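The values are calculated or read from the model by the stated rules, or taken from the named source; none is laboratory data. All values reported here derive from a predicted model rather than from experimental measurement. So basically every Cβ, Gly included, is an ideal-geometry build from the backbone, and we count neighbours across all protein chains shown. The protein model used for the area step is the full one, side chains on, heavy atoms only, and it has no ligands, DNA or RNA in it. Shrake-Rupley method; radii C 1.70, N 1.55, O 1.52, S 1.80 Å.
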Amino acid sequence: MKFANNALSNTIAKYITEQIITGELQPGEKLVEHIYAEEYGTSRAPVREAIYLLDIEGLVERIPRKGAVVKEYTANEIYDLLEIRNMLENMAMDRIKKYGPDLELLEEMRQLHDKMKTGSDVRSYTQLNHSFHMCLIKMSKSETIKDMYLRLGTPLLRIQSLSFGKEGNIEKSVKEHEIILKLLVEKNMAELSAVLKQHNEDVISSIQEKFHSKTE
């Protein structure tokens, strides 16, 4: 598959990704090619390539006779993604227990947490949260763990943004990350594993409630 303007297609794909993460585009919503083509002053070809890229990334799915829509994640898909994240974070903590917390990364986590406490919007908070957890992964000093974590990519960000969009969840998350920092300093990996596991389960419950409310 060969396209004429990869740069433009990547720009459009990035823009649509932002719309999905921020919730401007909701799960199941159709992507209308001509709207993006008109907005960027281009033909539909770069838009189709952008949608193709998002399809590969798992943000968009193609439905017969309907076209490309924002992917709706099933409860099982959400559970699997968060379980994989939890598994990788537990693997990271095993390494941290062996090597000890990295002081520079710990300071970066403190700075990120300070920003998280300032009342960020959902989009900003989702990015800060991701950076916070990436510090935990980097502490493992394992390129394999880091690469596998990065492969969870934008779908993980989308799932987290859905959770943070629920009233009170950002405030709850801020408190949980304060506990994570405390446990890291204390090198209490057993309790930290339990906190992270509960956090993932709460995200699943939050999103299930959000989807359930839409069907009522």
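Reported value for the stretch 1-54: 73 Å³ per residue, from the convex hull of its C-alpha atoms. Mean projected area of the Cα convex hull of the stretch 1-116, taken over all directions, amounts to 10.7 nm². The alpha-carbon atoms of the chain, seen along their principal axes, cover 57, 42, 31 angstrom, with the largest extent given first. Computed with every protein chain present, the accessible area of Lys66 is close to 90 Å² [probe 1.4 Å].
Would you mind working out the accessible area per residue for the stretch 41-108, using a 1.4 Å probe, and quoting it in Å²?
On the way: 3820 Å² over 68 residues.
Value returned for the stretch 41-108: 56 Å² of accessible area per residue.
By accessible area, using a 1.4 Å probe on protein heavy atoms only, the stretch 1-124 has 49% of its surface on carbon and sulfur. Derived scalar couplings between HN and Hα for the stretch 98-108 equal 6, 9, x, x, 6, 5, 5, 5, 5, 5, 4 Hz in order, rounded to whole Hz, by the Karplus curve 6.51 cos²θ - 1.76 cosθ + 1.60 (θ = phi - 60°), x for Gly and Pro.
Pairwise Cα distances in the stretch 106-216 exceed 19 Å for 48 percent of all pairs. From the residues Gly168, Thr154, Asn188, which one has its Cα farthest along the dipole of the chain in the positive direction, the dipole being from +1 and -1 charges on Cβ of Lys/Arg and Asp/Glu about the Cα centre? Selected residue: Thr154. Summary value for the chain: 22 percent relative contact order, contacts being C-alpha pairs under 8 angstrom separated by 6+ residues.
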